[in-house]
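**Q** Mind having a look at this structure? Questions to follow.
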Amino acid sequence: MKIVLTGSLGNISKPLTKILTGEGHQVTLISSDASKIPQIEALGAQPAIGKIQDLPFLIQTFKEADVVYCMNPLDFTASELTAWSGYTDNYIQAIRETGVKRAVVLTGWIANCLKSVEPEKEWKTLTDVAITFMRPGVFYSNFYILKDMIRQQGVIHSNYGGDDMIAFVAPEDIAAAIAEEINTPVATGTKIRYVASEELTCTQAAQIIGEAIGKPDLQWEIIPGEQLKQDLEAAGMTDVFASLLVEMHENMHNGNAQKDYYLNRPVLGKTKLRDFAKTFATWYHQN
């Protein structure tokens, strides 16, 4: 198949490219960074250098594709959520213009809970396209962002935590699930697929990470949403995206995220948090 992937050489798209080219598919990987051309070609893929915001580029790249994998880059410095939804508008228009009949779209396990933005709504206007919404849980790689908090404050805090049960996921397990979905024939319409590697409370997750880095008493504490919002804005995040993250986290704390997830519970992936924790610990002590 001819497959177009977005996400450049990110945590999901790089292993996904490896899987798909290894299976013999003709893969085009979109990146805005021309310096990545040699790395993309080394994976056996065709680089397409441009930006998702450039609709003519996107249309040209999508031509003759059998499947497209679409993800919205998060720009936490953007002042409006419309900048985020604009990516979706371009994807949809490019699909319509080129007649692509199969799309795999990365959203998230809280996608159906959000009020400020509805990441799957506009996609449902493509009534003649087979669409799979991939809803992964909380990425293991998010722990990298918490390094300074752990090191300087000796704690993880957010407006979810403690005994909240969370679906955590390794990016490579997301890539494997996307590849499996791409290779699975589906009918026109929408399908939802959750992706998770391990289900843990935040307390259990903090203990695993803490033991790996030599802080066995590491705690994951819950703070008020307004306090988190202030902390995020102080770190340089815009008001709209700080509010969005607080909303996302609140839906994990109040149980909304878990409701539909449990109704559509996936087979858990291979990579467990203890596996990731070893890699994280090495990185943590080197940086």
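**Q** Only one residue in LEU273, LEU263 is without any contact (Cβ under 8 Å) to a residue 12 or more places away in the chain, within 18 Å of PRO136 (Cα to Cα) and of a type in the set (A, V, I, L, M, F, W, C). Which one?
**A** Details: LEU273 fails: without any contact (Cβ under 8 Å) to a residue 12 or more places away in the chain.
Result of the check over LEU273, LEU263: LEU263.
**Q** Follow-up. Just to be sure I understand the filter: pairs with C-beta atoms under 6 Å, separated by 6 or more residues or on different chains, first member in region 89-106 and within 17 Å of MET1 (Cβ to Cβ), second member among the β-branched types (Val, Ile, Thr) and part of a loop (DSSP other than H, G, I, E, B). Which pairs pass?
**A** LYS101/VAL129; ALA103/VAL129
For every residue, the table says whether it meets (1) among the β-branched types (Val, Ile, Thr); (2) closer than 25 Å to ASN11 by Cα; (3) surrounded by 20 or more Cβ atoms within 10 Å (Cβ to Cβ).
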position	(1), (2), (3)
VAL195	yes, yes, yes
ILE209	yes, yes, yes
GLN227	no, no, no
ALA242	no, yes, yes
HIS249	no, yes, yes
ALA257	no, yes, yes
ASP275	no, yes, no
LYS278	no, yes, no
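**Q** A follow-up question, please. Going by the conditions given, is ARG102 more than 21 Å from GLY10 (Cα to Cα), surrounded by 19 or more Cβ atoms within 10 Å (Cβ to Cβ) and modelled with pLDDT of 95 or more?
**A** For ARG102, the condition - more than 21 Å from GLY10 (Cα to Cα), surrounded by 19 or more Cβ atoms within 10 Å (Cβ to Cβ) and modelled with pLDDT of 95 or more - is met.
**Q** Please tell me if ALA281 is touching a Lys or Arg at 6+ places or on another chain (Cβ under 7 Å), farther than 25 Å from LEU114 by Cα and among the small types (Gly, Ala, Ser).
**A** The answer is no for ALA281.
**Q** Another question, then. Filter region 1-39 for residues that are among the hydrophobic types (A, V, I, L, M, F, W, C), under 22 Å from THR107 (Cα atoms) and out of contact with any Lys or Arg (no Cβ under 6 Å at 6 or more places or on another chain) and give the result.
**A** The answer is ILE3, VAL4, LEU5, ILE12, LEU16, ILE19, LEU20, VAL27, LEU29, ILE30.
**Q** Under 8 Å between Cβ atoms, which residue pairs at least 6 apart in sequence (or on different chains) link something in region 235-249 that is within 21 Å of LYS147 (Cβ to Cβ) with a partner that is among the small types (Gly, Ala, Ser) and surrounded by fewer than 18 Cβ atoms within 10 Å (Cβ to Cβ)?
**A** Going by the 8 Å Cβ cut-off, the qualifying pairs are PHE241/ALA78.
**Q** Shifting gears a bit: Take residues that are under 15 Å from ALA94 (Cβ atoms) and among the aliphatic types (A, V, I, L, M) and tell me which of the strands (runs of 3 or more DSSP E) falling wholly in region 1-56 contain 2 or more.
**A** 2-5
**Q** Hey, another quick one. Cβ-Cβ below 6 Å, separation at least six or inter-chain, first residue in region 50-69 and touching a residue at least 60 places away in the same chain (Cβ under 8 Å), second in a loop (DSSP other than H, G, I, E, B) and crowded, with 16+ Cβ neighbours inside 10 Å: which pairs?
**A** Qualifying pairs under 6 Å: ALA65/VAL100; VAL68/VAL100.
**Q** So, in region 261-287, how many residues would count as being part of a helix (DSSP H, G or I), small (Gly, Ala, Ser) and under 20 Å from the mean Cα position of the chain (by Cα)?
**A** Summing the residues that are part of a helix (DSSP H, G or I), small (Gly, Ala, Ser) and under 20 Å from the mean Cα position of the chain (by Cα) in region 261-287 gives 1.
**Q** Quick test for you: out of PRO38, PRO15, PRO47, pick the one residue that is more than 18 Å from LYS101 (Cα to Cα), surrounded by fewer than 16 Cβ atoms within 10 Å (Cβ to Cβ), at pLDDT 95 or above and not polar (S, T, N, Q).
**A** The unique qualifying residue is PRO38.
**Q** Here is a follow-up. Just wondering, is there one or more residues in region 210-218 that are at pLDDT 95 or above, of a type in the set (Asp, Glu) and under 18 Å from PHE143 (Cα atoms)?
**A** Checked against the condition, which is being at pLDDT 95 or above, of a type in the set (Asp, Glu) and under 18 Å from PHE143 (Cα atoms), region 210-218 yields at least one hit.
**Q** What's the number of the only condition in (1) in contact with a helix residue (DSSP H, G or I) (Cβ under 8 Å, 6 or more places away or on another chain); (2) under 30 Å from LEU20 (Cα atoms); (3) not basic (Lys, Arg) that ASP173 fails to meet?
**A** If we test ASP173 against (1) in contact with a helix residue (DSSP H, G or I) (Cβ under 8 Å, 6 or more places away or on another chain); (2) under 30 Å from LEU20 (Cα atoms); (3) not basic (Lys, Arg), just (1) comes out false.
**Q** Which condition breaks for ASP33 when tested against (1) modelled with pLDDT of 95 or more; (2) surrounded by 14 or more Cβ atoms within 10 Å (Cβ to Cβ); (3) of a type outside the set (S, T, N, Q)?
**A** (2)
**Q** Also: Being among the polar types (S, T, N, Q) and more than 30 Å from LYS121 (Cβ to Cβ) is the filter here, so list the residues in region 161-219 that pass it.
**A** Matches in region 161-219: THR201, THR203, GLN204, GLN207, GLN219.
The values are calculated or read from the model by the stated rules, or taken from the named source; none is laboratory data. These numbers were taken from a predicted model, which means no experiment stands behind them. For neighbour counting, all protein chains shown are included, and Cβ atoms are generated from backbone atoms with ideal geometry for every residue, glycine included.
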